[in-house]
Amino acid sequence: MDFGPFLLLALMEGLVTAAVLALTASGLSLVFGIMRVVNVAHGAFFMLGAVLAWFVAEWLPGPPALAFAAALVFCPLVVGAIAAIADMAVLKRLNYEPEATIVATIGLLYILEQAALSLFGPDARPVEAPFSFRLQLPWFGYSGYKLAVVVAAALVLLGVWLILKHSRAGLLMRATQEDRDTARAFGINVDRVYAGVFAMGAGLAAIAAVLIVPISQAHYLMGGDPLLLSFIVVIIGGLGSLRGTLVAALLIGLSDGVISTFFAPTLAKIIATLVVALVLVFRPQGLFGKRAA
Amino acid sequence: MLRLDDIDAGYGAVAVLHGLTLSVASGEVLCVMGRNGAGKSTMLKAIIGQIRAGAGTITLDGMRIDGLPAHQVPRHGIGYVPQGRRLFGGLTVAENIEIGLMTRRRDVRVREKVLALFPRLRERMGQMARTLSGGEQQMLAIARALCLEPKVLLLDEPTEGLQPSMITLIRDTVLTLKAEGVATILVEQRVDAALSVADRLAFMVGGRVAEVLDAGGLTPDAPAFARHVGV
Ligand SMILES: Nc1ncnc2c1ncn2[C@@H]1O[C@H](COP(=O)(O)OP(=O)(O)O)[C@@H](O)[C@H]1O
Ligand SMILES: [Mg+2]
């Protein structure tokens, strides 16, 4: 294959990575931005989404497309509900102290992984894609499903943005983010906002996982990479900045696609880590983050 | 209307209020004065439920409100203008107003009534609150609280750092609300500003009310001011 088409392929692969990463990382960023909680269990919520998608596909009779659509609705709801319960039962009682919540979410990560190991087992299991359409380009054929993932991720992110900026729930979230004591003084039930935000963050990871599972299989330890990459994206983009998260996810995803294709996946990870180090040294608040007051 | 009886409160291990007793009636303006650190802001935080009273009772029209979750207190008709304004700085003026209206189910009539008091805000609706001038920020902080149609209004040093014209506007607003029967607790450090609106003055020292005086006939050279506020 010539260089041009090869680059196009690399960019398309990168775009898929970027889309899934943007979804996952925006959940992490949202939770940190509004609750100031560094959620180490975020990768476990991602894994849970994929594992649940496998169960749905296994149990639901009928065509794979139907099972997949069901998983896309059901998994984020269940994972979100688990997250909301964890918030109310654990994080709230810790009064959202930063150090305590980090330790608590590490515990949560461990519990969720062990639960998945017992119920799902140690094997990686595939979930069938909802359709197998291939897009035939002049130089190569490309999975229509992967392109659908990009579109779906973009739509979900657009939805998140609309909720934050233009809905009543989003207004409550932003007010709580600015000043939770004053929010309470105006009748905002901050506990409920926090539970909702934690659920939404986890739900976003779950949606990302359901989208990716037909491409990469479900496994009880699959949450590690998304967690690490999400942190990388969020550090580069600026914790709590949705726009920064999107830009950084594109940057990391596309460069990962190009460097992995032309050189080696390991080199892509090394470069991403280097960029994080540079950002931490020269612009610790991230590209789009606000300097701490 | 609002009564505090024998309140103890503070921040964790730090006790600030000791047996504080105070009340304000409908249509009355109570000015609370006292040196920095006397516990004036802490008292307002105890009323609004931001900190819990360890002892004593707070009642609104005879109903205990000291045990309520903090977000339920404002729903009973208490509007709060915190010291330093505490606006939602990254939200627009319109959004800050909308937050104020949350407990009123976003009633348009209330919103129009409040904006009529502060027409300048109407020209700034799309602007971020933190980009407003100091005076405009204070207008917004008061407007946001008035959106609750409060029976009781708590104002914590609203004139701090403002120009005379703004101080007059705030005084006029307080007097308008008084005429409508609102009970107001106004924390105020300036003697002249306090005397121009107050029905009664409460002087706080060391977390309790040391003295309560009727404002009628009081002059700025009254000994209470030198004793409890003086420079
Ligand atoms: N968040 C806080 N944590 C601990 N102590 C506080 C806090 N806020 C105020 N204090 C203390 O409580 C006392 C009363 O403060 P405050 O109510 O703000 O006084 P005032 O409003 O009369 O100037 C002061 O000694 C102050 O240091
Ligand atoms: Mg004060």
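The values are calculated or read from the model by the stated rules, or taken from the named source; none is laboratory data. Computed from a predicted model, the values in this text were never measured in an experiment. Neighbour counts are summed over all protein chains in view; Cβ atoms, including those assigned to glycine, are modelled from backbone coordinates with ideal geometry. The accessibility values were calculated without ligands, DNA or RNA, using every heavy atom of the protein model including side chains. Shrake-Rupley method; radii C 1.70, N 1.55, O 1.52, S 1.80 Å.
Per-structure values
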item	result
Unmet criterion (only one of (1) part of a loop (DSSP other than H, G, I, E, B); (2) touching a helix residue (DSSP H, G or I) at 6+ places or on another chain (Cβ under 6 Å); (3) within 16 Å of ligand 2 (Cβ to nearest atom)) for residue B:84	(2)
Residues within the stretch B:1-11 that are outside any loop (DSSP other than H, G, I, E, B) and away from ligand 2 (no atom under 16 Å from the Cβ), tallied	7
Any chance residue B:120 is open to solvent by 10 Å² or more (accessible area, probe 1.4 Å) and farther than 21 Å from residue A:187 by Cβ	yes
Residue check, residue B:25 within 24 Å of residue B:171 (Cα to Cα), touching a strand residue (DSSP E or B) at 6+ places or on another chain (Cβ under 9 Å) and loosely packed, with under 15 Cβ neighbours inside 10 Å	yes
Only one of B:211, B:180 that is in contact with a Phe, Trp or Tyr (Cβ under 7 Å, 6 or more places away or on another chain), open to solvent by 40 Å² or more (accessible area, probe 1.4 Å), charged (D, E, K, R) and more than 16 Å from ligand 2 (Cβ to nearest atom)	B:211
Scope the stretch B:81-105; condition polar (S, T, N, Q) and at the interface with chain A (Cβ under 8 Å from one of its Cβ atoms); matching residues	B:103
For residue A:170: the one exception among (1) open to solvent by 10 Å² or more (accessible area, probe 1.4 Å); (2) within 14 Å of chain B (Cβ to nearest Cβ)	(1)
Residue within the stretch B:155-166 that is hydrophobic (A, V, I, L, M, F, W, C), crowded, with 23+ Cβ neighbours inside 10 Å and in contact with a strand residue (DSSP E or B) (Cβ under 6 Å, 6 or more places away or on another chain) present	yes
Some residue of the stretch A:128-143 being out of contact with any strand residue (DSSP E or B) (no Cβ under 6 Å at 6 or more places or on another chain), open to solvent by less than 30 Å² (accessible area, probe 1.4 Å) and within 11 Å of chain B (Cβ to nearest Cβ)	no
Options B:201, B:186; residue that is closer than 14 Å to residue B:81 by Cβ and surrounded by 13 or more Cβ atoms within 10 Å (Cβ to Cβ)	B:186
Residue match in the stretch A:211-223 (condition: touching a Ser or Thr at 6+ places or on another chain (Cβ under 9 Å), away from every other protein chain (no Cβ under 14 Å) and closer than 30 Å to residue B:156 by Cβ)	no
Identity of the residue in the stretch B:28-37, crowded, with 17+ Cβ neighbours inside 10 Å and more than 6 Å from ligand 1 (Cβ to nearest atom), that ends up farthest from residue B:199 (Cα to Cα)	B:33
Given (1) on the phi < 0 side of the Ramachandran plot; (2) more than 16 Å from ligand 1 (Cβ to nearest atom); (3) under 14 Å from the mean Cα position of the chain (by Cα), index of the condition residue B:40 fails	(2)
Filtered residues of the stretch A:72-102 (kept if part of a loop (DSSP other than H, G, I, E, B) and touching a residue at least 12 places away in the same chain (Cβ under 8 Å))	A:92, A:96
Test set (1) within 16 Å of ligand 1 (Cβ to nearest atom); (2) touching a residue at least 60 places away in the same chain (Cβ under 8 Å); (3) open to solvent by 20 Å² or more (accessible area, probe 1.4 Å) - residue B:61 fails condition number	(1)
Residue match in the stretch B:107-118 (condition: within 14 Å of chain A (Cβ to nearest Cβ), acidic (Asp, Glu) and over 24 Å from residue B:193 (Cα atoms))	yes
Meets criteria (surrounded by fewer than 21 Cβ atoms within 10 Å (Cβ to Cβ) and free of Cβ contacts under 8 Å to residues at least 40 places away in the same chain) for residue B:94	yes
Scan of the stretch A:223-272 for residues that are more than 23 Å from residue A:288 (Cα to Cα) and open to solvent by 30 Å² or more (accessible area, probe 1.4 Å), ordered by number	A:224, A:225, A:258, A:260, A:261, A:262, A:263, A:264, A:265, A:266, A:267
Residue within the stretch A:184-201 that is within 14 Å of chain B (Cβ to nearest Cβ), open to solvent by 40 Å² or more (accessible area, probe 1.4 Å) and touching a Leu at 6+ places or on another chain (Cβ under 7 Å) present	no
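Listed here are the residues, each with its yes/no results for (1) at pLDDT 95 or above; (2) within 21 Å of residue B:228 (Cβ to Cβ); (3) not β-branched (Val, Ile, Thr).
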| residue | (1), (2), (3) |
| --- | --- |
| B:12 | no, no, yes |
| B:23 | yes, yes, yes |
| B:30 | yes, yes, yes |
| B:35 | no, yes, yes |
| B:43 | yes, yes, yes |
